[in-house]
Amino acid sequence: MVRAQLADIAAGRQDAEIQAIADTACAALAAGNSTDEIVDTTRTLGTLDAEATDHATARELIKLAIDTTCLNQRARVDEF
């Protein structure tokens, strides 16, 4: 789904790398982390670059993670 909706993010990344981004977001959601903290972590795209992507794209990635990986967090989707 990420490949179809956010091709720029998916380019050059293996499925496992994309899934790791989703898994990290889901773990943060489950832990009750703040919206800002989850967005900031997602912006790294699993790298050391704190600004590997922008806020809007990070928010889209989190929404996709909720829709595909952590459906039990759907109550939080409107935060993003």
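The values are calculated or read from the model by the stated rules, or taken from the named source; none is laboratory data. Keep in mind that what you see is a predicted model, and the values were worked out from it rather than measured. Don't worry about glycine lacking a Cβ; one is built from the backbone with ideal geometry, like all the others, and counts go over all protein chains shown.
Key figures
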read-out: Scope the stretch 1-44; condition surrounded by fewer than 16 Cβ atoms within 10 Å (Cβ to Cβ), basic (Lys, Arg) and modelled with pLDDT of 95 or more; matching residues; value: none
read-out: Members of the stretch 45-76 found to be farther than 17 Å from Leu6 by Cβ and either among the β-branched types (Val, Ile, Thr) or at pLDDT 95 or above (or both), listed by number; value: Cys70, Leu71, Asn72, Gln73, Arg74, Ala75, Arg76
read-out: From the options Thr47, Thr24, Thr35, Thr53, residue that is under 10 Å from the mean Cα position of the chain (by Cα) and among the hydroxyl-bearing types (Ser, Thr, Tyr); value: Thr24
read-out: Residue list for the stretch 57-77, filter: within 17 Å of Ile18 (Cα to Cα) and small (Gly, Ala, Ser); value: Ala58, Ala65
read-out: Selection within the stretch 14-44 - of a type in the set (Val, Ile, Thr) and either in a helix (DSSP H, G or I) or more than 20 Å from Glu79 (Cβ to Cβ) (or both); value: Ile18, Ile21, Thr24, Thr35, Ile38, Val39, Thr41, Thr42
read-out: Any chance Asp40 is out of contact with any helix residue (DSSP H, G or I) (no Cβ under 9 Å at 6 or more places or on another chain) and charged (D, E, K, R); value: no
read-out: Complete set of residues in the stretch 45-54 that are of a type in the set (S, T, N, Q) and either within 17 Å of Ala75 (Cβ to Cβ) or surrounded by 15 or more Cβ atoms within 10 Å (Cβ to Cβ) (or both); value: Thr53
read-out: Enumeration of residues in the stretch 60-69 that are buried (at least 19 other Cβ atoms within 10 Å of the Cβ) and free of Cβ contacts under 8 Å to residues at least 60 places away in the same chain; value: Leu61, Ile62, Ala65, Ile66
read-out: Selection within the stretch 1-13 - on the phi < 0 side of the Ramachandran plot, outside any helix (DSSP H, G or I) and among the small types (Gly, Ala, Ser); value: Ala11
